[in-house]
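The next block holds one structure in the form of structure tokens; read it before the comments.
The values are calculated or read from the model by the stated rules, or taken from the named source; none is laboratory data. No experiment lies behind these values; they were computed from the predicted model shown. Cβ atoms come from the backbone with ideal geometry, glycine included; neighbour counts cover every protein chain shown. Please note that ligands, DNA and RNA were not included when accessible areas were found on the heavy atoms of the full protein model with its side chains. Shrake-Rupley method; radii C 1.70, N 1.55, O 1.52, S 1.80 Å.
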Amino acid sequence: MLVLGIETTCDETAAAVVERQPDGQAKILSNVVRSQTDEHARFGGVVPEIAARAHVDLLDGIVASAMKEAGVGYGQLSAVAAAAGPGLIGGVIVGLTTAKAIAMVHDTPLIAVNHLEAHALTPRLTCALAFPYCLFLASGGHTQIVAVVGVGEYVRLGTTVDDAMGEAFDKVAKMLSLPYPGGPQVERVAAGGDPTRFAFPRPMLGRPDANFSLSGLKTAVRNEASRLEPLEPQDISDLCASFQAAVLEATADRLTVGLKLFQERFGTPRALVAAGGVAANHAIRSALQDVAAKAQTTLIIPPPALCTDNGAMIAWAGAERMALGLIDTLEAPPRARWLLDANAKAPAGHANSRAGY
Ligand code: KG4
Ligand code: ZN
């Protein structure tokens, strides 16, 4: 089975061709990603309209490269899959419409993939991981703990009630005048700082649910930064280190609760899987290692290129759905919001537009 996957929900324009063998083994034949970081850097964040226009300009060429690199003709495709949401709606429309056009012209089945489902199934693309497992997804748009029970069977155990974790890193970076995207900068600067200098709040610590909250912590950093003005380089390092320490402790606590909730409902997870850009953070990785060890499960973090947004994960989710006969019609709608577990309710009090409900 050969599937073309298209990803345009945020600021990566991406396409890939993935092959799935009947026994479930996967092979990535091509995986082309063009990040729009440069287009958005001077605004300190992703500008939806700029992203949508860039997807229009770039996508045809990216799809052509992915097909060429894979050495596959459109007639050989078993399906074309596109991320149909959740995400910035302009970009989603560009990717989904392109996939529909290819599906129509080449009379190929269309698969409208939930972007979060694609993150959730990625470890099965890289290793033969069996269900059920627990996913921690932390990116610029999402912060979720999800029980991955089967293809199409996801139970969200926790989510952020306000900012996404990557978004909090980006906002802290911006307030300290560090370049965008802020996550890697905060991690770099934090390495030379004192994580104990500021006692920032550990949001939600000890709560029986597995939800996250990051906006109060971000505000605490802002208040401390304004109190210290003008900031010396050491102040910035200490603020970053203290912020990161608070995120680490909160993450470990929330995941420990999430894994307990998982255990109660689904038994011991086959693995704890981390995905999303924040999973690139070394301090967070080692905190996750500890959490997984305490829960007597293994930690799996797919390689960075498959943790962040890419076309291979969309193609793979399409292949997994296709294998179960789950294909869509050309009426499949683009969705700015699309819950992974369709029956679940968003937690009370959420206010953020990028949090991925
Ligand atoms: O998954 P991703 O590449 O894109 C989406 O948001 O969809 O995640 C990007 C996010 C950004 O917010 C970025 O600041 C954050 O992940 N990030 C990090 C690190 N590297 C990327 N956050 C903390 N530490 C890092 N090393
Ligand atoms: Zn993503």
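Confirm whether Ala275 is among the small types (Gly, Ala, Ser), crowded, with 24+ Cβ neighbours inside 10 Å and within 11 Å of ligand 1 (Cβ to nearest atom). The answer is yes for Ala275. Screening Val72, Val32 for residues that are within 15 Å of Ala315 (Cβ to Cβ) and surrounded by fewer than 20 Cβ atoms within 10 Å (Cβ to Cβ) leaves exactly one candidate, Val72.
Here's the yes/no breakdown for (1) open to solvent by 10 Å² or more (accessible area, probe 1.4 Å); (2) farther than 28 Å from Thr9 by Cα; (3) more than 16 Å from ligand 2 (Cβ to nearest atom); (4) in the same structural domain as Leu58 (by TED's automatic domain parsing):
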position	(1), (2), (3), (4)
Asp253	yes, yes, yes, no
Leu261	yes, yes, yes, no
Gly267	yes, yes, yes, no
Ala271	no, no, yes, no
Ala317	no, no, no, yes
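If the condition is being among the hydrophobic types (A, V, I, L, M, F, W, C) and either farther than 26 Å from Phe266 by Cα or in a helix (DSSP H, G or I) (or both), then the stretch 286-315 contributes Ala287, Leu288, Val291, Ala292, Ala293, Ala305, Leu306, Cys307, Ala312, Met313, Ile314, Ala315. Collect the residues in the stretch 166-185 that are aromatic (Phe, Trp, Tyr) and either within 16 Å of ligand 2 (Cβ to nearest atom) or at pLDDT 95 or above (or both), keeping them in residue-number order. Of everything in the stretch 166-185, just one residue is aromatic (Phe, Trp, Tyr) and either within 16 Å of ligand 2 (Cβ to nearest atom) or at pLDDT 95 or above (or both), namely Phe169. Scanning the stretch 45-62 for any residue that is in contact with a Pro (Cβ under 8 Å, 6 or more places away or on another chain), open to solvent by less than 40 Å² (accessible area, probe 1.4 Å) and not charged (D, E, K, R) turns up nothing. Screening the candidates Thr108, Thr122 for the property of being in a loop (DSSP other than H, G, I, E, B), open to solvent by less than 20 Å² (accessible area, probe 1.4 Å) and either away from ligand 1 (no atom under 16 Å from the Cβ) or under 24 Å from Gly325 (Cα atoms) (or both) yields one hit, Thr108. In the condition set (1) in contact (Cβ under 8 Å) with a residue 12 or more places away in the chain; (2) part of a helix (DSSP H, G or I), Pro179 is compliant with all but (2).
The combined condition, being at negative phi, open to solvent by 20 Å² or more (accessible area, probe 1.4 Å) and either more than 14 Å from ligand 2 (Cβ to nearest atom) or more than 13 Å from the chain's Cα centre (by Cα) (or both), is fulfilled by Ile93.
Cβ-Cβ contacts under 8 Å between residues 6 or more apart (or on different chains), taken from a first residue in the stretch 260-273 that is at negative phi and assigned to a helix (DSSP H, G or I) to a second residue that is crowded, with 17+ Cβ neighbours inside 10 Å and not hydrophobic (A, V, I, L, M, F, W, C), are listed as Leu261/Gly158; Phe262/Pro132; Phe262/Pro269; Gln263/Pro269; Phe266/Pro132. Annotation note: of Val56, Val47, the sole residue that is farther than 28 Å from Phe169 by Cα, out of contact with any strand residue (DSSP E or B) (no Cβ under 8 Å at 6 or more places or on another chain) and without any contact (Cβ under 8 Å) to a residue 40 or more places away in the chain is Val56. Scanning for something away from ligand 2 (no atom under 16 Å from the Cβ), in contact with a Ser or Thr (Cβ under 7 Å, 6 or more places away or on another chain) and in a helix (DSSP H, G or I), does the stretch 148-165 turn up at least one residue? The answer is no, given that none of the residues of the stretch 148-165 is away from ligand 2 (no atom under 16 Å from the Cβ), in contact with a Ser or Thr (Cβ under 7 Å, 6 or more places away or on another chain) and in a helix (DSSP H, G or I). Note on the stretch 275-288: residues that are out of contact with any Asp or Glu (no Cβ under 6 Å at 6 or more places or on another chain) and closer than 20 Å to Leu205 by Cβ total 6. Within the stretch 125-147, being small (Gly, Ala, Ser), away from ligand 1 (no atom under 16 Å from the Cβ) and either open to solvent by less than 10 Å² (accessible area, probe 1.4 Å) or free of Cβ contacts under 8 Å to residues at least 40 places away in the same chain (or both) holds for one residue alone: Ala147.
The set of residues in the stretch 35-78 being among the β-branched types (Val, Ile, Thr) and in a helix (DSSP H, G or I) consists of Thr37, Ile50, Val56, Ile62, Val63. Is it fair to say Phe198 is touching a Leu at 6+ places or on another chain (Cβ under 9 Å) and either touching a residue at least 24 places away in the same chain (Cβ under 8 Å) or open to solvent by 20 Å² or more (accessible area, probe 1.4 Å) (or both)? It is true that Phe198 is touching a Leu at 6+ places or on another chain (Cβ under 9 Å) and either touching a residue at least 24 places away in the same chain (Cβ under 8 Å) or open to solvent by 20 Å² or more (accessible area, probe 1.4 Å) (or both).
Only one of Ala15, Ala81, Ala99 is farther than 22 Å from Pro302 by Cβ, outside any loop (DSSP other than H, G, I, E, B), open to solvent by less than 20 Å² (accessible area, probe 1.4 Å) and not charged (D, E, K, R). Can you tell me which?
On the way: Ala15 fails: farther than 22 Å from Pro302 by Cβ; Ala81 fails: farther than 22 Å from Pro302 by Cβ.
Step by step, each of Ala15, Ala81, Ala99 is checked, and only Ala99 is farther than 22 Å from Pro302 by Cβ, outside any loop (DSSP other than H, G, I, E, B), open to solvent by less than 20 Å² (accessible area, probe 1.4 Å) and not charged (D, E, K, R).
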